[in-house]
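Undergrad: Quick one: this structure, given as structure tokens, is what I'll be asking you about.
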Amino acid sequence: MIEVQDLRKTFKVARREAGFGQAVKALFHREYTYVHALDGVSFRIGDGEMVGYIGPNGAGKSSTIKILSGILTPDSGKCLIDGRIPWKSRQKHVKEIGVVFGQRTQLWWDVPVVDSFELLKEIYAIPTEVYKKNVDQLTELLDLAQLLRTPARQLSLGQRMRCEIAGSLLHNPKILFLDEPTIGLDAVSKLAVRDFIKRLNQERHTTVLLTTHDMQDIEALASRILLIGKGKILLDGSLEDIRRGGSHIDETVAELYKKFDVT
Amino acid sequence: MKKYLAFFRLRFTMGLQYRAAALGGLVCQFFWGAMYILSMKAFYDTDPAAFPMTFPAAASYIWLQQALLTLVSMGGIDNEFFNVIQNGNVAYELCRPVDVYGMWFTRSAATRVANALLRCVPVLAVAALLPAPYGMAAPPDLPAFLLFLVSLTLALGVVTAIGMIVYMITFHTITPRGVRLIAVGICDFFSGNIVPLPFFPEGFRQFSELLPFSSTANVPIRIYTGDLAGREMVVLMLMQVFWIVALVGVGKLLEWKELKTVVVQGG
């Protein structure tokens, strides 16, 4: 159970105009603006739910994921995940969750993927049988057989992403946060990843919260949608709720962003 | 404990992955050592009595220093953590169920040991084969050698703990360039990496010995060459222990402060 109440986070950003003169001026005087990444976000996600978290660029999606995974401390607000406050009991919390940051990598660049997995096994203290079973299963479902023996740097983005997802699931997390997991994937990999997430949710009852800009991900996966814009939750409902008969999903969402004036 | 061994194993295999880098480093250290000894020779030829160490001891000092460069000098600091802080992969580091300080401390110490194991054996082998005043001599006796090993382990602790403080500062500055450069410069100078500490003028030498940097390479290498023994050695080794405790304390305090305010930038 994930409970989030009135979460707020503000970032300080030094902004300036282009050019050398402006850069020199900024040496002495900086103008800061405050960006309200999260401006009172509240929601509740039950066990085994699969929720799509959407919103335009810079809406606060990644900030929410970072707070939920215990990396970022919010300015104010409450967050309880299975009774834990993520940023207060970070170590205990992260044992129970899996996170995939689509823009980052957790694989050691220079060694074969399987070496990274072995290290994750030790870090999470995964029993050998569980580890073996999970690797076998993930290898089959995500088609990793060849990839595991390849150094991470020689994998293509899509291949690497499949390995990243597998890496985040080795320790049987109850909750999975996916921050743009299908970014840069080809059609086949995308379908494989979607299929996989769906099975994970059905078979292991893993709670999944995923952010994406690919509306087909949402169509395929999420039974519930949270729409965030300018740091506020604007809509919480099912895909059917927001869809106007027959129109394309991308248009529907673009329409929504315009309606809420968050583009 | 198993976790930490696993870090070490991975590090070691990664070291093996970079064959060309290890070879390049080796050649560089060998030439550097030779150049250094020859310039020392020029000074000693002028007036051998003017120096606090005998020439063979100075030669041993230099070879040992080159062999242990990646182990106990600041330049051997693991750049991995600078990279993860800069490119944001630190997000993954923070979502592991382990204490960040402990994990990074072990990993950066493991990097040092793995790199040194790959490099020190060939340097020492060649240095031992060189003719008398230029090569590396054996330590004075067995107890001195054992004390050298103990002090070397302590030096590894001190230099890794200083490195941890540098990482924690990088959390704040995001770019490691300035901090790393300053840390390497100061540490190299005050640990006797450029000129051995016994060569420092009186007064300034005592001052330098009070700093944590002198508790790194300076102590074990001087024990090995026989320059350091008796009461002075005991005092300096106790200083090493003191600095490990103090620097780890400061590092953990900084970690606690930084992790509360850390922001992983970008989407």
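Undergrad: Can you find a residue that is part of a helix (DSSP H, G or I), more than 14 Å from chain A (Cβ to nearest Cβ), among the hydroxyl-bearing types (Ser, Thr, Tyr) and out of contact with any strand residue (DSSP E or B) (no Cβ under 9 Å at 6 or more places or on another chain) anywhere in segment B:209-217?
TA: Residues of segment B:209-217 that are part of a helix (DSSP H, G or I), as a first pass: B:209-210, B:212-215.
After this cut, where a residue has to be more than 14 Å from chain A (Cβ to nearest Cβ) as well, the list is B:209-210, B:212-215.
Of the ones still in play, those that are also among the hydroxyl-bearing types (Ser, Thr, Tyr) are B:214-215.
Next, only the ones that are out of contact with any strand residue (DSSP E or B) (no Cβ under 9 Å at 6 or more places or on another chain) stay: B:214-215.
Yes - at least one qualifying residue is present in segment B:209-217.
Undergrad: Given the conditions (1) of a type in the set (Lys, Arg); (2) outside any helix (DSSP H, G or I); (3) under 30 Å from B:Ala137 (Cβ atoms), which single one is not true for B:Lys41?
TA: (2)
Undergrad: A further question follows. Of everything in segment A:68-84, what is hydrophobic (A, V, I, L, M, F, W, C) and within 11 Å of another protein chain (Cβ to nearest Cβ)? Give them in sequence order. Please lay out each step first, then the result.
TA: Filtering segment A:68-84 down to residues hydrophobic (A, V, I, L, M, F, W, C) leaves A:68, A:71-72, A:79-81.
A:Leu68, A:Ile71, A:Leu72 - these are the residues of segment A:68-84 that are hydrophobic (A, V, I, L, M, F, W, C) and within 11 Å of another protein chain (Cβ to nearest Cβ).
Undergrad: For segment B:45-54, does any single residue satisfy the condition of being surrounded by 21 or more Cβ atoms within 10 Å (Cβ to Cβ), under 29 Å from B:Thr225 (Cα atoms), in contact with a helix residue (DSSP H, G or I) (Cβ under 6 Å, 6 or more places away or on another chain) and away from chain A (no Cβ under 13 Å)? Can you show your working first?
TA: Let us first name the residues in segment B:45-54 that are surrounded by 21 or more Cβ atoms within 10 Å (Cβ to Cβ), namely none.
No, because not a single residue in segment B:45-54 is surrounded by 21 or more Cβ atoms within 10 Å (Cβ to Cβ), under 29 Å from B:Thr225 (Cα atoms), in contact with a helix residue (DSSP H, G or I) (Cβ under 6 Å, 6 or more places away or on another chain) and away from chain A (no Cβ under 13 Å).
Undergrad: Go through segment B:23-42 and give me each residue that's closer than 16 Å to B:Pro133 by Cα and touching a helix residue (DSSP H, G or I) at 6+ places or on another chain (Cβ under 8 Å). Let's see the steps before the verdict.
TA: Kept after step one, since they are closer than 16 Å to B:Pro133 by Cα, are these residues of segment B:23-42: B:33-42.
Across segment B:23-42, the qualifying residues are B:Gly33, B:Tyr36, B:Ile37, B:Met40, B:Lys41.
Undergrad: A follow-up question, please. List every residue pair whose Cβ atoms sit under 6 Å apart, with the two residues 6 or more apart in sequence or on different chains, where the first one lies in segment B:28-47 and is closer than 12 Å to B:Ala59 by Cβ and the second, anywhere, is small (Gly, Ala, Ser).
TA: B:Ile37/B:Ala59; B:Met40/B:Ala58
Undergrad: Test each condition in (1) farther than 25 Å from B:Val100 by Cβ; (2) touching a His at 6+ places or on another chain (Cβ under 9 Å); (3) of a type in the set (D, E, K, R) for A:Asp6 and report the one that comes out false.
TA: Of the numbered conditions (1) farther than 25 Å from B:Val100 by Cβ; (2) touching a His at 6+ places or on another chain (Cβ under 9 Å); (3) of a type in the set (D, E, K, R), the odd one out for A:Asp6 is (2).
Undergrad: Same structure again: With respect to A:Tyr53, determine if the residue is more than 29 Å from B:Arg9 (Cα to Cα) and either away from every other protein chain (no Cβ under 14 Å) or more than 20 Å from the chain's Cα centre (by Cα) (or both). First the steps, then the outcome.
TA: Working: more than 29 Å from B:Arg9 (Cα to Cα): yes; either away from every other protein chain (no Cβ under 14 Å) or more than 20 Å from the chain's Cα centre (by Cα) (or both): no.
No.
Undergrad: Right, another one. Quick check: anything in segment A:16-23 within 13 Å of another protein chain (Cβ to nearest Cβ), surrounded by fewer than 19 Cβ atoms within 10 Å (Cβ to Cβ) and out of contact with any helix residue (DSSP H, G or I) (no Cβ under 8 Å at 6 or more places or on another chain)?
TA: Step one: filter segment A:16-23 for residues within 13 Å of another protein chain (Cβ to nearest Cβ), giving none.
Checked segment A:16-23: no residue is within 13 Å of another protein chain (Cβ to nearest Cβ), surrounded by fewer than 19 Cβ atoms within 10 Å (Cβ to Cβ) and out of contact with any helix residue (DSSP H, G or I) (no Cβ under 8 Å at 6 or more places or on another chain).
Undergrad: Looking for whichever is among the aliphatic types (A, V, I, L, M) and either on the phi > 0 side of the Ramachandran plot or touching a Ser or Thr at 6+ places or on another chain (Cβ under 6 Å) (or both) here; the options are B:Ala217, B:Ala229. Which one fits? I'd like the intermediate steps shown before the answer.
TA: On the way: B:Ala229 fails: either on the phi > 0 side of the Ramachandran plot or touching a Ser or Thr at 6+ places or on another chain (Cβ under 6 Å) (or both).
None of the others qualify; the one that does is B:Ala217.
Undergrad: Being surrounded by fewer than 20 Cβ atoms within 10 Å (Cβ to Cβ) and over 30 Å from B:Leu253 (Cβ atoms) is true for just one of B:Leu117, B:Leu147. Which residue is that?
TA: Numbers: B:Leu147 fails: surrounded by fewer than 20 Cβ atoms within 10 Å (Cβ to Cβ).
Being surrounded by fewer than 20 Cβ atoms within 10 Å (Cβ to Cβ) and over 30 Å from B:Leu253 (Cβ atoms) holds for just one of B:Leu117, B:Leu147, which is B:Leu117.
One line per residue, one yes/no per condition, for (1) aromatic (Phe, Trp, Tyr); (2) surrounded by fewer than 19 Cβ atoms within 10 Å (Cβ to Cβ); (3) facing another protein chain (nearest Cβ under 7 Å):
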| position | (1), (2), (3) |
| --- | --- |
| A:Ser62 | no, no, yes |
| A:Pro86 | no, no, no |
| A:Glu96 | no, yes, no |
| A:Lys132 | no, yes, no |
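Undergrad: On to the next question. Could you please give the count of residues in segment A:32-80 that are in a loop (DSSP other than H, G, I, E, B), modelled with pLDDT under 90 and more than 21 Å from B:Ala91 (Cβ to Cβ)?
TA: Residues that pass the stated criteria total 1.
Undergrad: Would you be able to tell me the number of residues in segment B:62-95 that are away from chain A (no Cβ under 14 Å) and surrounded by fewer than 19 Cβ atoms within 10 Å (Cβ to Cβ)?
TA: So the count comes out to 1.
Undergrad: Sort out which residues of segment B:243-267 are more than 14 Å from chain A (Cβ to nearest Cβ) and in contact (Cβ under 8 Å) with a residue 12 or more places away in the chain, and write them in order of number.
TA: B:Trp243, B:Ile244, B:Ala246, B:Leu247, B:Val248, B:Val250, B:Gly251, B:Lys252, B:Leu254
Undergrad: Has segment B:174-182 got at least one residue that is in contact with a helix residue (DSSP H, G or I) (Cβ under 9 Å, 6 or more places away or on another chain) and within 14 Å of chain A (Cβ to nearest Cβ)?
TA: Yes, there is a match, as at least one residue in segment B:174-182 is in contact with a helix residue (DSSP H, G or I) (Cβ under 9 Å, 6 or more places away or on another chain) and within 14 Å of chain A (Cβ to nearest Cβ).
Undergrad: Moving on. Restricting attention to segment B:1-26, and to residues there that are farther than 21 Å from B:Tyr61 by Cβ and away from chain A (no Cβ under 11 Å), which single residue is surrounded by the fewest Cβ atoms within 10 Å (Cβ to Cβ)?
TA: First, pick out the residues of segment B:1-26 that are farther than 21 Å from B:Tyr61 by Cβ: B:1-24.
In the following step, the residues that additionally are away from chain A (no Cβ under 11 Å) were identified as B:19-20, B:22-24.
On the way: B:Arg19: 10, B:Ala20: 7, B:Ala22: 17, B:Leu23: 13, B:Gly24: 11.
Per the criteria, the residue is B:Ala20.
The values are calculated or read from the model by the stated rules, or taken from the named source; none is laboratory data. For clarity, every value in this text was computed on a predicted model and none was experimentally measured. FYI the Cβ positions are ideal-geometry reconstructions off the backbone, even for glycines, and counts take in every protein chain you see.
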